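Read the structure below first, then the notes.
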């Protein structure tokens, strides 16, 4: 019996620094915890992935998948591990093993089509086929996860390929009004920024604090919405909820208090953008929610607001950027594109410009409060 036990015993694999891309954080984690559970292999993979060591990350995601029971009650789910493993292979320009695609297909067919779709976009440059393959697989993920960003990147390339080159003659339907929020006791640099915008814009500028925002929420959306706003975990989450409610109801432009409109000319130009919804994307296709504008009741803002409410009910502990922040805008745009690609629906009037265009209108200025207080990124 002892002989059989000995024969069946498998030594845990040893890993070299090459296996971990010489990543100090990943090496330290491995030395402290090993990689013999789903949790630890997954954590190492995430460290490597965050540091763009995607080839090595793919191996550790695969290890986590192999250690997984394949039960749909063990998190992260097996299909999540396998799809991110395959996505890392794509990012590393490595071939996709057909047997692993089939493994994923057997567990979650929509995830397999997501990987096929990304492969079609990146390696075949067939963006419409890619979007059709991906479908609405993003609904299996939290709003704002990587699938929404990749979907937007592919969708913008597809829309670019449809562009006839004609310039729009449409009027701007976005009310020329700017909104801002600071919960209470603004530090000097915020007070100065508020004064700057009051001088620049005058009566078409509204700045909320916690008290006035609570009153506005109660008067426009009722007791429950006001309570959600007041019970937000962090001022950044409260600001997220406020901005969506305000722009959905009144229309106009939202600007975070640590940004400023660059000039009179920049503000004047915003009166003439030929769209009912102006969004901007970062270089990695996260939609900015720190500066955007829309007409009242615009369907993209309304959908984003619904997602923020759903997340507040269903996922109260979710990372703020996904729960109420940029992620809900990304998800609303994903749904809009899906309806166009799969059901032939007309796109609502929307313009999505890049980071350079964002920088034409607004700029950051130096603030010190972020160093003194806890960052919302930890929530």
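The values are calculated or read from the model by the stated rules, or taken from the named source; none is laboratory data. Since we're looking at a predicted model, the values are computed, not measured. Heads up, the Cβs are rebuilt from the backbone with ideal geometry, glycines too, and the neighbour counts pull from every protein chain shown.
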So which strands (runs of 3 or more DSSP E) stay within the range 184-268 end to end and still have 2 or more residues that are farther than 25 Å from residue 332 by Cβ and either outside the structural domain of residue 302 (by TED's automatic domain parsing) or modelled with pLDDT of 95 or more (or both)? 205-208
Condition check for residue 246: over 22 Å from residue 307 (Cβ atoms) and within 28 Å of the chain's Cα centre (by Cα): no
Every listed condition ((1) farther than 24 Å from residue 232 by Cα; (2) at pLDDT below 95) holds for residue 313 save (1)
Yes/no for residue 28 being surrounded by 14 or more Cβ atoms within 10 Å (Cβ to Cβ) and either in contact with a helix residue (DSSP H, G or I) (Cβ under 9 Å, 6 or more places away or on another chain) or more than 20 Å from residue 74 (Cβ to Cβ) (or both): no
Which numbered condition residue 334 fails, given (1) outside any strand (DSSP E or B); (2) under 25 Å from residue 222 (Cα atoms): (2)
Residue 155 passes all but one of (1) surrounded by fewer than 16 Cβ atoms within 10 Å (Cβ to Cβ); (2) in contact with a helix residue (DSSP H, G or I) (Cβ under 9 Å, 6 or more places away or on another chain); which number fails? (1)
Identify all residues within the range 343-364 that are touching a helix residue (DSSP H, G or I) at 6+ places or on another chain (Cβ under 7 Å) and more than 17 Å from residue 279 (Cβ to Cβ); write none if there are none. 345
Please tell me if residue 296 is within 16 Å of residue 253 (Cβ to Cβ), in contact (Cβ under 8 Å) with a residue 60 or more places away in the chain and in a loop (DSSP other than H, G, I, E, B). yes
